[in-house]
1. Does any residue of region 372-382 turn out to be charged (D, E, K, R), over 18 Å from TYR64 (Cα atoms) and either surrounded by fewer than 21 Cβ atoms within 10 Å (Cβ to Cβ) or over 18 Å from the mean Cα position of the chain (by Cα) (or both)?
2. Can you tell which of ALA384, ALA353, ALA334, ALA368 is outside any helix (DSSP H, G or I) and either free of Cβ contacts under 8 Å to residues at least 40 places away in the same chain or under 17 Å from ALA411 (Cβ atoms) (or both)?
3. Within region 34-57, can you find the residues that are within 30 Å of TRP133 (Cα to Cα) and modelled with pLDDT of 85 or more?
4. For the structure I just gave you, tell me whether ALA225 is closer than 21 Å to VAL73 by Cβ, of a type outside the set (Val, Ile, Thr) and at pLDDT below 85.
5. When you scan region 285-321, how many residues do you find that are touching a helix residue (DSSP H, G or I) at 6+ places or on another chain (Cβ under 7 Å) and of a type in the set (D, E, K, R)?
6. Take residues that are among the aliphatic types (A, V, I, L, M) and crowded, with 23+ Cβ neighbours inside 10 Å and tell me which of the helices (runs of 4 or more DSSP H) falling wholly in region 131-245 contain 2 or more.
7. Select the helices (runs of 4 or more DSSP H) contained entirely in region 437-490, then report the ones holding at least 3 residues which are surrounded by fewer than 24 Cβ atoms within 10 Å (Cβ to Cβ) and at pLDDT below 80.
8. Taking TRP318 and the conditions (1) in contact with a Pro (Cβ under 9 Å, 6 or more places away or on another chain); (2) at pLDDT 80 or above; (3) in a helix (DSSP H, G or I), which numbered condition does it fall short on, given that it satisfies the others?
Amino acid sequence: MVDAVEGPGESGPKEIAGKPVRVEMPGEALLSATGDRAADTKGQISWAVFEWARNPYVLLVTIYIFAPYFSNVVVGDPVRGQAIWGNINGIAGFIIACLAPILGAIADSGGRRKPWLAVFVGIMAPATFMLWWAMPGGEGLSVFAIALLIVIVSIAFSFSEVFHNSMLPAVAPNERIGFLSGLGLALGNAGGLIILCFMLYAFMLPGRVDWGFIPGQALFGLDVAAHENSRISGPFAGIWLFLFTLPLMFFTPDRAHVAGPRFTEAVMQGGLRVVKTVRQLKHYRNVATYLIARMFYNDGQTAILIFGGVYAAGVFQWDALTLTIYGIVLSVFAVGGGFFGGWLDDTFGSKVAILVSIGGTGLGVLLAVSITPTELFFFIPWDAASPPVWDLPFFATVPELLYVGVVIIVAICITAAYANSRTMLARLAPASKMSEFFGLYALSGTATAFIGPALVGFCTWFFHSQRAGFASVLLLLGIGLALILFVTEERAEAAE
């Protein structure tokens, strides 16, 4: 592993008229946004590659393949399965909400971040691999055991996000953090895209199409009838995570080691620092407003991710093949969303970028729920018995094609929103409390994480409609968007 080394005169941020500036160091080294020596290009890219390692778990397990399989096949009842999936995420969110800010404060006082990342990856990779034994018909892992694994992975995933995000301002110069944040999200979606394409070629299309370049049967002897083509998503995500975490471990500089308190003392000190920071939020009113805004729109985004695949599978009766292709299409555009978000951020600033990305997400969801197999854009009836537009075994109707087209808007904007959101905090939070505020950032994304799933579940039950339930996320996006209007894009000074 490579550690950052401070040279003479590099003990703090360089400022002119109260604003950080780009300063060239001996050997053309640059200061990061926190005033430390920035990582070189290889180190910065390796930081972004960690998103390439992590995000395929979200695409394969959380959204497109495993979640619909768990709901529809393992549980066997889509409504009950959706409820269980929501409860799993709610439990994980509660634990994350309790611990993430403390972990962020520990990182601020305890030094290095990469050892923590290594621990979380060491938990996530094998737990994700074990989802292979999530079999239908009551065989293999029980529903409880599967739920426990998902909770464990979700917690470790979010905790790794706290430490990874908190590295960003120390890795890159201030004028580059928007680009690097967007690059990470783009790479994350690109990694998921590669895996989805491989799964399509190796496990989903064989036996379904008569194309010469597609194998006649699923590779590695997988039994499609036993849903092994869906279950393999866990092992693939776990192996991918382990392999592509290595560049960050070897090439991205970490903080220099500083002798700190013992672990128990660090936990107590971290907890006290969080309490102090929360009490001081009156001083950080601008940052607090942003975190509250993000809490609402992130709940909406989380609900979109949790229920997106389940909603599409339920409304259009899509199978594993169609869901995989759906994931591939959206991932292609999500890659562009990462770069789009970075460009928006660096060109217009984080606030404008968030307004555009969240507004676009809301518009995409509104258009998406306006389309069903029998209705287009709320008012245009469609004959479900109309002949298919082609002979391919996916997206064979006009409503399906239109639905995919408008959900592309969501894919682009929701990826941009994630990139813009963490860049916004990197620009607002005091440099000396960066990890602590990224802990609060994680809290703002998880403390009320139950609201999105609960709102979708309640509206689905009340209106007896998946469509109405999914549309309810627009309320959360709208509240968050309105609150962002009151945020000023300026860095806060640390309160002593």
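1. yes
2. Going through ALA384, ALA353, ALA334, ALA368 in turn, just one is outside any helix (DSSP H, G or I) and either free of Cβ contacts under 8 Å to residues at least 40 places away in the same chain or under 17 Å from ALA411 (Cβ atoms) (or both): ALA384.
3. Of everything in region 34-57, those that are within 30 Å of TRP133 (Cα to Cα) and modelled with pLDDT of 85 or more turn out to be VAL49, PHE50, GLU51, TRP52, ALA53, ARG54, TYR57.
4. yes
5. Residues flagged as touching a helix residue (DSSP H, G or I) at 6+ places or on another chain (Cβ under 7 Å) and of a type in the set (D, E, K, R) within region 285-321 amount to 2.
6. Answer list for region 131-245: 143-171, 177-199.
7. On the way: elements: 451-463, 466-471, 473-484.
Filter on region 437-490 gives 451-463.
8. Every listed condition holds for TRP318 apart from (3).
The values are calculated or read from the model by the stated rules, or taken from the named source; none is laboratory data. Quick caveat: nothing in here was measured; it's all calculated off a predicted structure. Positions of Cβ are backbone-derived with ideal geometry, glycine not excepted, and every protein chain shown enters the neighbour counts.
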